[in-house]
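The values are calculated or read from the model by the stated rules, or taken from the named source; none is laboratory data. Since the model is a prediction, treat every value here as computed from it, not as a measurement. Neighbour counts are summed over all protein chains in view; Cβ atoms, including those assigned to glycine, are modelled from backbone coordinates with ideal geometry. In case anyone asks, the SASA skips ligands and DNA or RNA and just uses the protein heavy atoms, side chains included. Shrake-Rupley method; radii C 1.70, N 1.55, O 1.52, S 1.80 Å.
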Amino acid sequence: MTVIIWVTGALAALSALGVVFSRQPLYSALSLVMTIGALSVIFLVLNAQFLFVVQLIVYAGAVMVLFVFIIALLSPGAEDRVRVDSRFVIGAVVALGITVAMVVAARNGITFNNSNVFRAQQIGQASDPYHAFSFDQSDLGLVNTAGNVQTVGGQLFTTFLLPFEITSLLLLVAAVGAVYLTRRTRSGDPPERRERALGRKPEPTLEEDRIEVEVG
Amino acid sequence: MIANFSDIFSIGRVGEDGIVVIMVKAVVVLLALATAAAYLTYAERKVAARIQLRIGPNRVGPLGLLQPAADAVKLLFKENAAPSGRDKLLYLVGPALAGGAAIFAFAAIPISGLTCVGGTVVGDGCNGGYPFHWDLIHVNVSLLFVLAVTSLGVYSLFLGGWSANSKYSLLGGLRSSAQLISYEMAVAFALVGAVILAGSLDLEKIVLAQQGAWFVLLQPLAFLLYFTAALAETNRLPFDLPEAETELVAGYHTEYSSMRFGFYFLGEYINMVIVCSIATLVFLGGWLPLLPWIHSDWLGGLVGVAWFLGKVSALLFVMMWLRWTLPRFRYDRLMNLGWKVLLPLGLVNIVVTGAIVAIRAS
């Protein structure tokens, strides 16, 4: 198990470097897909099977497909080589600081215990609202329940209900905004305006002008 | 270290397979899928021929049964013609991913119920004996696992289309990506109703929850939605716009030849098998027999496999039948159907099912 974690961890780190150092944008995006895949395998080895699947479906299967799609459609050229200047140094220092902070944070969450087994911190035991689900108190049991569909669902709909709903509202706002900005016509409009929306005679109108001002 | 290998996939289930059992299962799954894909091409041609009042392949071997072998040999020995302006790495990644993702997804599909060698099945566990699961890897979210891994297949279509540096390929790749992303939602929403009824994402448990009534009886709308969306997911004919031959030559694999093209073909047919397997497991009772008299030890397990394969074959036949019967959709209609019909109906189905389950529970 530990071997697989090291191998996939190294793979994740390498492909993460590939994201930064690839000169072709499409290769960067595909490296990110590989990073996500390697991380999801680590979730699987930790027996967080639900997180493994969600990682693949949401990030690799949906978000990154759109990224790759856009990159290939816009087909930007190769980037310039990395130059070491003051901005590079500042960025590297900040990145290093964030990495150290994340390692410290992770040490408080997931730790090695003395028998060299990964052990995830138990979530929501004191206020466990999902009464039907009894926690297995052994080390593997803790990891197992932390990754379970029932536990994640129960926590999302009780303890973390407000953050969860606010996040989904945020996504909804983004979706509505995207639809509003790209919309050209509405059903109540006079027919000549709808024809224009089909691309026959693009003429600036009051509303479109206003949108452009907002975007610009 | 090797002793721990099986821990990755079998924690939480009764009994753990050793490395030998896992390797044997992997080889069997791989060979069976490759053979199945080869003979599905044969079946497809025979079905097409019958529908068009022809005879179909009948020269190689008795009834033309060796035709797939001849085709495989031809594919392997053909010249690898490749466009010169291609992206060399990604041009190879595309077909490899197409075959690989499809085969990997099948690993989590159980083709029969738990069999206890030398013991008896009690509930979802074993009372003595060696517990034998009829799947390769066992995760407690196997339904989501299959959906997740098959959703990676979209990269193969897209990369194949993009890397070949050809406009037909690129248009085919873009179309297929848009279509797959759109219909993935419809597929997932159609399955949620059955998941609510079973109370689990584990395919084995979903099948066991259908012992009273198959979910196709309780969720007829969801079954129709799933099967329609699945046709679109596998690029089968009413929805085969990514490779519409009259406008795009052959879509994303226009610029592929010989075995590289063969891998796309392999992935496509294995994806058909996967889609039909999921429909069988979630809606048609999986390996549960219509005639409930045999279920114990080895014989019961094998009879389960036979029932499972029978149901999957029936669904595969329906898919071929539709392909040679229906005309192709127009692209905007395809998108309208996915987003404005299948998706809302799926949502309604989820709400109604959830409400009924909640009312009955309280």
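Residues considered: A:V41, A:V68. Of these, the only one that is among the β-branched types (V, I, T), more than 28 Å from A:V152 (Cα to Cα) and crowded, with 19+ Cβ neighbours inside 10 Å is A:V68. Scan the stretch B:306-362 for residues that are aromatic (F, W, Y) and surrounded by 18 or more Cβ atoms within 10 Å (Cβ to Cβ) and the total you get is 3.
Just one of the numbered conditions (1) open to solvent by 30 Å² or more (accessible area, probe 1.4 Å); (2) farther than 26 Å from A:G37 by Cβ; (3) more than 12 Å from every other protein chain (Cβ to nearest Cβ) is not true of B:V192: (2). Hey, could you check the stretch A:46-63 for residues that are closer than 12 Å to B:V139 by Cβ and open to solvent by less than 20 Å² (accessible area, probe 1.4 Å) and say which is farthest from the other protein chains (Cβ to nearest Cβ)? Selected residue: A:A48.
Return yes when B:L171 is open to solvent by 30 Å² or more (accessible area, probe 1.4 Å), at pLDDT 90 or above and of a type in the set (A, V, I, L, M) and no when it is not. No; evaluated as a whole, the condition is false for this residue.
What helices (runs of 4 or more DSSP H) completely inside the stretch B:41-154 contain at least 2 residues that are within 14 Å of chain A (Cβ to nearest Cβ), out of contact with any Cys (no Cβ under 9 Å at 6 or more places or on another chain) and open to solvent by less than 60 Å² (accessible area, probe 1.4 Å)?
Working: elements: B:67-77, B:88-106, B:142-151.
In the stretch B:41-154, the matching helices (runs of 4 or more DSSP H) lie at B:88-106, B:142-151.
In the set (1) surrounded by fewer than 19 Cβ atoms within 10 Å (Cβ to Cβ); (2) in contact with a helix residue (DSSP H, G or I) (Cβ under 9 Å, 6 or more places away or on another chain), the condition left unmet by A:R23 is number (2).
In the stretch B:178-189, is there at least one residue being at the interface with chain A (Cβ under 9 Å from one of its Cβ atoms), surrounded by 23 or more Cβ atoms within 10 Å (Cβ to Cβ) and either over 30 Å from B:T254 (Cβ atoms) or under 21 Å from the mean Cα position of the chain (by Cα) (or both)?
Keep residues of the stretch B:178-189 that are at the interface with chain A (Cβ under 9 Å from one of its Cβ atoms), which gives B:178, B:180-181, B:184, B:188.
Narrowing the set further to residues that are surrounded by 23 or more Cβ atoms within 10 Å (Cβ to Cβ) leaves B:180.
Subset that is either over 30 Å from B:T254 (Cβ atoms) or under 21 Å from the mean Cα position of the chain (by Cα) (or both): B:180.
For the stretch B:178-189, residues at the interface with chain A (Cβ under 9 Å from one of its Cβ atoms), surrounded by 23 or more Cβ atoms within 10 Å (Cβ to Cβ) and either over 30 Å from B:T254 (Cβ atoms) or under 21 Å from the mean Cα position of the chain (by Cα) (or both): present.
Of all residues in the stretch B:155-168, those that are open to solvent by less than 40 Å² (accessible area, probe 1.4 Å) and either part of a helix (DSSP H, G or I) or at the interface with another protein chain (Cβ under 9 Å from one of its Cβ atoms) (or both) total 8. Of the residues making up the stretch B:299-318, those that are modelled with pLDDT of 90 or more and hydrophobic (A, V, I, L, M, F, W, C) are B:F308, B:L309, B:V312, B:A314, B:L315, B:L316, B:F317, B:V318.
Kindly indicate whether A:S86 is modelled with pLDDT under 80 and surrounded by fewer than 19 Cβ atoms within 10 Å (Cβ to Cβ). Even if it seems obvious, please write down each step before you answer.
On the way: modelled with pLDDT under 80: no; surrounded by fewer than 19 Cβ atoms within 10 Å (Cβ to Cβ): yes.
Taking the combined requirement at face value, the residue does not satisfy it.
Could you please let me know if B:L170 is in contact with an Asp or Glu (Cβ under 8 Å, 6 or more places away or on another chain) and either closer than 20 Å to B:A229 by Cα or not β-branched (V, I, T) (or both)? Against the criterion (in contact with an Asp or Glu (Cβ under 8 Å, 6 or more places away or on another chain) and either closer than 20 Å to B:A229 by Cα or not β-branched (V, I, T) (or both)), B:L170 does not qualify.
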